[in-house]
Amino acid sequence: MMDALGEPQSVLVLGGSSEIARATVKALPRARLRRVVLAGRPSGALDAAVADLTAAGIAGVAAERFDATDTASHGEFIDRVFTAGDVDLVILAFGVLGDQALAETDPSLAVTMATTNYTGAVSVGLHVARRLRVQGHGVLVVLSSVAGDRARRSNFVYGSTKAGLDAFAQGLGDALHGSGARVLVVRPGFVRSRMTEGLEEAPMTVDPQDVAAVVVAGLRKGKETVYAPGPLRFVMTGLKSLPRPIFRRLPM
Amino acid sequence: MSTPTDSPLMRDESERVLTGWGRTAPSAARVRAVSSVDEVLDTVASADPRGVLARGLGRTYGDGAQSGGATVLDLAGMSSVVLDPSAATVTAGAGVSLDDLLRIIVPAGFFVPVTPGTRMVTIGGAIAADVHGKNHHVEGTFGSHVSWMTVVDGTGGVRVLDPAGTPDEFWATVGGMGLTGVMTEATFNVLPITSSRISVDTDRTVDLDDVMDRMITGDDEYRYSVAWIDSTHASGRGVLTRGDHAPADWLPEKDRSDPLAYDARALATVPPIFPNGLVNPLTMRAFNEVWFRKAPKSRRGELQTIPTFFHPLDIAHEWNRGYGPRGFLQYQFAVPDSGGHLVATTLHRLRSIGALSLVTVLKRFGASNPAPLSFPQPGWTLAIDVPAGIEGLAVVLDELDELVLAEGGRLYLAKDSRMSPAMMAASYPRLAEWQLVRDRMDPRGIFTSDLARRLSL
């Protein structure tokens, strides 16, 4: 149970090797944490995340096998995690960036991106929501992206998957209104991480720790949508209102 | 095509988001109103894995009267009251509030054996939390005055529990936070009175040593005693009020024709939209200053009404909204006399992070009763309200928990909303003993609450 001071006891990370999710778990108040499930495909990065969080003094960290693209397995997986005990916080953090040019050349790569970022998230998101409704409390944090706010020429395949995910997460939050459970949509800008290694940094670039701080503050205040960094909200409002002939010519 | 009502995300009509009085950590449950033992039995028989919990008037500050996803029973329909004047006992349905009860029994010349600082609690809640009042040092908790009670347990049995015949089950239910079953009715002693007035002695106290000395040396002479402490003032100054029921012939001439007249009304309701900053250090200091100044330096034998003396907080409905949307909590511990220094430590530590309180209450406890989870133990208890949004509060309270534990003390489950499971187990050493009895009464684990989940009860 989340206590009166917002301290969670149990956390499920979908996409357990995500650097943003790992930073978020580290930034959470941890005095009452006793169960942290890092769900993902078995990998060195997943094992490293377990080791890192455990070394940081967080109790009960364990990895569980989970594949975002294997949607048929999602129901059984989520039921198993929730049957073992209530989950106070679920962080939906998996996603692939992919290469826009390659995806344009080989649409099957675009399909992979869409399957992971959107289809997989919709599937597991609905299963999580069903269980949050049953337990009558809990928060689902969905890592969306500013790329979904408006599709850009340079990465519209990725952007469109995040646009779909973002719309889904907002609707899910409304569906859960009054159920005791809620959804927090997180829209980071450019984040320095493994996923963006080698890419040219955009203005207002942040680290996973910065996103984590925004998420934890948003949880404490009961927010529904947060940007990381916060002022990106205003930048995106401006960008979204630009006429297309101008937006198209922007160097981004 | 399926309709939205088939959706597992669809809300049930009976669903309510519930919190405690502190308005923190909400969870949703299906609320079912029941008015007979059969309906309670039916709910228990058809319980799903999220379980069942009885809820009274929701005055528990934390998460003891809520249970996410469960069926929460509203027993307001269990409202029968039978007063036996010759035996000085009342048999009441679990949903009867002390407010309802006082309106019936005070004009008949009786008073409840124990009342907490609000009369907006039910009989079921008073026994489940084993509440105490200003007379604990003399007369113990509410549960100590119960002669028997009817409880629907987790096996679907209707049990009549009493301290002599079923001591384990009786005392596991007293203070058991509703986790042994659903109490439907209880019989308890009431106190004969000849007037509805309290004769009150009031003393302003200059610091904590002053008030604690006076309470140690003088409390035994009074049935009722409590001190209010100015949490905003470094001295720990306060107001000590002590008293007893006034005999009818102490009343002024004009009141003697109807010495048992009883009138309890709320004067105001705090509006639902409350500016977040209304309870701030400035208003907090002002309130505490006024509360201190309005008390006489020393007065003897002032006649006060029952609501004025016992239930000053009930003057405003829903005053808990005053703390704004982030809510608040109440930190209440009990320590033996040897831990009395923690009163000053707690006030100091909370003041140092800007956690000022409106309601800060110091009281001496008398003997414990046999209930394993009953809170009071001989010594001191301090209760202090704290806004939940204060920076650094979690760390300071965890540190205070350690100090309380080291002195052999514990926290009150009816107030707690944030202690750790380890603190619970260490400070209530009879928890395992209670759990054995609970498991016998509820082998399938039907009765649960957010508090029970949070503290691994």
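So that you can scan it fast, the table gives a plain yes or no per residue for (1) farther than 20 Å from residue B:82 by Cβ; (2) of a type in the set (Val, Ile, Thr); (3) modelled with pLDDT of 95 or more:
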{"site": "B:160", "(1), (2), (3)": "no, yes, yes"}
{"site": "B:170", "(1), (2), (3)": "yes, no, yes"}
{"site": "B:187", "(1), (2), (3)": "no, yes, yes"}
{"site": "B:194", "(1), (2), (3)": "yes, yes, yes"}
Is there a residue being closer than 18 Å to residue B:176 by Cα and among the hydroxyl-bearing types (Ser, Thr, Tyr) anywhere in segment B:423-444?
yes
Name, by its number, the condition in (1) over 21 Å from residue B:132 (Cα atoms); (2) more than 10 Å from chain A (Cβ to nearest Cβ); (3) under 23 Å from the mean Cα position of the chain (by Cα) that does not hold for residue B:415.
(1)
Please go through segment B:73-99 and pick out each residue that is without any contact (Cβ under 8 Å) to a residue 12 or more places away in the chain and closer than 21 Å to residue B:152 by Cα.
B:82
Starting from segment B:38-50, keep only residues that are of a type in the set (Val, Ile, Thr), then list their pairs with residues that are part of a loop (DSSP other than H, G, I, E, B) whose Cβ atoms are within a distance under 7 Å, requiring at least 6 positions of separation or different chains.
B:40/B:34; B:43/B:34; B:44/B:154; B:44/B:156; B:44/B:446
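Within segment B:100-116, is even one residue within 30 Å of residue B:49 (Cα to Cα) and of a type outside the set (Ser, Thr, Tyr)?
No, segment B:100-116 contains no residue that is within 30 Å of residue B:49 (Cα to Cα) and of a type outside the set (Ser, Thr, Tyr).
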Within segment B:14-60, the residues that are out of contact with any strand residue (DSSP E or B) (no Cβ under 9 Å at 6 or more places or on another chain) and surrounded by fewer than 18 Cβ atoms within 10 Å (Cβ to Cβ) are B:38, B:42, B:45, B:49
Within segment B:1-18, considering residues that are closer than 20 Å to residue A:173 by Cβ and part of a loop (DSSP other than H, G, I, E, B), the one modelled with the lowest pLDDT:
B:11
Return the total of residues in segment B:318-357 being within 22 Å of residue B:63 (Cβ to Cβ), surrounded by fewer than 22 Cβ atoms within 10 Å (Cβ to Cβ) and of a type outside the set (S, T, N, Q).
7
Just to check your reading of the model, which residue among A:219, A:165, A:172, A:176 is closer than 29 Å to residue A:241 by Cβ, within 13 Å of chain B (Cβ to nearest Cβ) and crowded, with 21+ Cβ neighbours inside 10 Å?
A:172
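Suppose we keep only residues that are part of a helix (DSSP H, G or I) and under 13 Å from residue B:358 (Cβ atoms) within segment B:322-343. Which one would you say is modelled with the highest pLDDT?
That would be B:323.
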So residue B:414, is it modelled with pLDDT of 95 or more and assigned to a helix (DSSP H, G or I):
no
For segment B:385-402, pairs from a residue that is at the interface with chain A (Cβ under 9 Å from one of its Cβ atoms) and free of Cβ contacts under 8 Å to residues at least 12 places away in the same chain to a residue that is outside any loop (DSSP other than H, G, I, E, B) and surrounded by 21 or more Cβ atoms within 10 Å (Cβ to Cβ), with Cβ under 6 Å and 6 or more apart or across chains, are none
I'm trying to understand the selection: among the residues of segment B:157-204, which are more than 30 Å from residue B:244 (Cα to Cα) and part of a strand (DSSP E or B)?
B:158, B:159, B:160, B:161, B:182, B:183, B:184
Look at residue A:156 and say whether it is closer than 27 Å to residue A:28 by Cβ, assigned to a helix (DSSP H, G or I) and either more than 14 Å from every other protein chain (Cβ to nearest Cβ) or hydrophobic (A, V, I, L, M, F, W, C) (or both).
no
Just checking, which of B:235, B:257, B:231, B:225 is crowded, with 20+ Cβ neighbours inside 10 Å and either at pLDDT below 95 or in contact with a Pro (Cβ under 9 Å, 6 or more places away or on another chain) (or both)?
B:231
Anything in segment B:428-449 that is more than 14 Å from chain A (Cβ to nearest Cβ), crowded, with 20+ Cβ neighbours inside 10 Å, in contact with a Gly (Cβ under 8 Å, 6 or more places away or on another chain) and not basic (Lys, Arg)? List them, or say none.
B:434, B:441, B:442, B:446, B:447
For residue A:18, work out the one condition from (1) among the polar types (S, T, N, Q); (2) within 14 Å of another protein chain (Cβ to nearest Cβ); (3) under 15 Å from the mean Cα position of the chain (by Cα) it doesn't fulfil.
(2)
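Please note which helices (runs of 4 or more DSSP H) are completely contained in segment A:46-147 and include at least 3 residues that are within 13 Å of another protein chain (Cβ to nearest Cβ) and at pLDDT below 95.
Counting at least 3 such residues, we get no helices (runs of 4 or more DSSP H) at all.
Take the conditions surrounded by 23 or more Cβ atoms within 10 Å (Cβ to Cβ), farther than 16 Å from residue A:96 by Cα and touching an Asp or Glu at 6+ places or on another chain (Cβ under 9 Å) and apply them to residue A:120. Does it pass? Even if it seems obvious, please write down each step before you answer.
On the way: surrounded by 23 or more Cβ atoms within 10 Å (Cβ to Cβ): yes; farther than 16 Å from residue A:96 by Cα: no; touching an Asp or Glu at 6+ places or on another chain (Cβ under 9 Å): yes.
No; evaluated as a whole, the condition is false for this residue.
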Answer yes or no: is there a residue in segment B:62-74 that is out of contact with any Ser or Thr (no Cβ under 9 Å at 6 or more places or on another chain), at pLDDT 95 or above and over 23 Å from residue A:83 (Cα atoms).
yes
Which count do you get for residues in segment B:77-95 that are part of a loop (DSSP other than H, G, I, E, B) and either among the basic types (Lys, Arg) or crowded, with 19+ Cβ neighbours inside 10 Å (or both)?
3
Could you tell me how many of the residues in segment B:164-191 are over 20 Å from residue B:46 (Cβ atoms) and in contact (Cβ under 8 Å) with a residue 40 or more places away in the chain?
17
Check off (1) touching a strand residue (DSSP E or B) at 6+ places or on another chain (Cβ under 8 Å); (2) outside any helix (DSSP H, G or I) for residue B:346 and give me the number that stays unchecked.
(2)
Residues that are without any contact (Cβ under 8 Å) to a residue 24 or more places away in the chain and crowded, with 22+ Cβ neighbours inside 10 Å: does segment B:202-214 have at least one?
no
(1) within 19 Å of residue B:228 (Cα to Cα); (2) out of contact with any strand residue (DSSP E or B) (no Cβ under 9 Å at 6 or more places or on another chain); (3) not acidic (Asp, Glu) all hold for residue B:369 apart from (1)
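Filter segment B:29-62 down to the residues that are among the small types (Gly, Ala, Ser) and either within 26 Å of residue B:99 (Cβ to Cβ) or in a helix (DSSP H, G or I) (or both) and list them by number.
Going residue by residue through segment B:29-62, those that are among the small types (Gly, Ala, Ser) are B:29, B:33, B:35-36, B:45-47, B:51, B:54, B:56, B:58, B:62.
Listed by number, the residues that qualify are B:29, B:33, B:35, B:36, B:45, B:54, B:56, B:58, B:62.
Would you please name the residue that is nearest to residue A:37 (Cα to Cα), looking only at residues in segment A:68-111 that are of a type in the set (S, T, N, Q) and either without any contact (Cβ under 8 Å) to a residue 40 or more places away in the chain or touching a Lys or Arg at 6+ places or on another chain (Cβ under 6 Å) (or both)?
It comes out as A:83.
The values are calculated or read from the model by the stated rules, or taken from the named source; none is laboratory data. Everything numeric here is computed off the predicted structure, so don't read it as measured data. Please note: Cβ atoms are built from the backbone with ideal geometry, for glycine as well, and neighbour counts cover all protein chains shown.
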